[in-house]
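The structure appears right after this line, and notes come after that.
The values are calculated or read from the model by the stated rules, or taken from the named source; none is laboratory data. Keep in mind the model is a prediction, meaning the values are calculated, not measured. Because the Cβ atoms are built from the backbone with ideal geometry, glycine has one as well, and the counts that use them run over all protein chains shown.
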Amino acid sequence: MKRFNRYMMVIGILASSFAGGAVSHWVLNAAPEAHAASKRTTEDALRWSLAKPVYTRKLTVGDPKGKTSALVDGTGMKLYSTSGKVRINLDSSTGGMTLADTGGRERVKFGTLRGGKTGVVLTDSSGRRRVQIDDRGLTIFSSSGSEVGSFGFQSDGSMGVSVADKSGKLKRIDQAPKPAEKP
């Protein structure tokens, strides 16, 4: 019985060697074909990238039923949801981008904000600012729209944290007291 097991083991090793050789031959021979296909794809992409530009005043992309899904014109680009609401708006005049919810309400704004600042604003479902990140730092707003906290540059130019008290007045919280000046 031991002799039979040895013969079976030798036959198994030979069979797996042949199978491994066949698989490697198949894989290695497929590699040049894949390389040639990727080279053709690269050449096609290069040829298309060097194509002459097409100029138009307005480009509308839509489905076969005539429903608009994207619009590109001189003011920017808009992408629409299936319900026809603007979901993404790139505005070239302000240099900003807005993302809207399914109802078409702007919820995230990137770019130039009120007062000429650049940053990001997150709004709630009714359109009120809730979080703003700009050159001052991070500012948090209540549901009524009043500022309730900030982290970043304070009005005197230093870094710090401000939090609103119960009356709504912002109070500065210093992390460490300023060291006493030497006489």
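Things to note:
- So Val163, is it among the hydrophobic types (A, V, I, L, M, F, W, C), modelled with pLDDT of 85 or more and either within 26 Å of Val108 (Cβ to Cβ) or exposed (fewer than 11 other Cβ atoms within 10 Å of the Cβ) (or both): no
- Listed by first and then second residue, the pairs linking a residue in the range 128-150 that is under 16 Å from Gly116 (Cα atoms) and free of Cβ contacts under 8 Å to residues at least 24 places away in the same chain to a residue that is assigned to a strand (DSSP E or B) and among the polar types (S, T, N, Q), with Cβ atoms under 8 Å apart and 6 or more places separating them unless they lie on different chains, are Gln132/Thr139; Ile133/Thr139; Asp134/Thr118; Asp135/Thr118; Arg136/Ser150; Gly137/Ser150.
- Residues in the range 148-164 that are touching a Gly at 6+ places or on another chain (Cβ under 9 Å) and in a strand (DSSP E or B): Val148, Ser150, Phe151, Gly152, Phe153, Met159, Gly160, Val161, Ser162, Val163, Ala164.
- Within the range 44-60, being under 27 Å from the mean Cα position of the chain (by Cα), at pLDDT below 70 and of a type in the set (A, V, I, L, M, F, W, C) holds for Ala45, Leu46, Trp48.
- Being under 24 Å from Ile173 (Cα atoms), under 22 Å from the mean Cα position of the chain (by Cα), surrounded by fewer than 16 Cβ atoms within 10 Å (Cβ to Cβ) and among the charged types (D, E, K, R) is a property that Asp101 lacks.
- Any hit, the range 65-72, residues being out of contact with any strand residue (DSSP E or B) (no Cβ under 9 Å at 6 or more places or on another chain), loosely packed, with under 13 Cβ neighbours inside 10 Å and in the same structural domain as Ile133 (by TED's automatic domain parsing): yes
- Given (1) on the phi > 0 side of the Ramachandran plot; (2) assigned to a loop (DSSP other than H, G, I, E, B), index of the condition Gly103 fails: (1)
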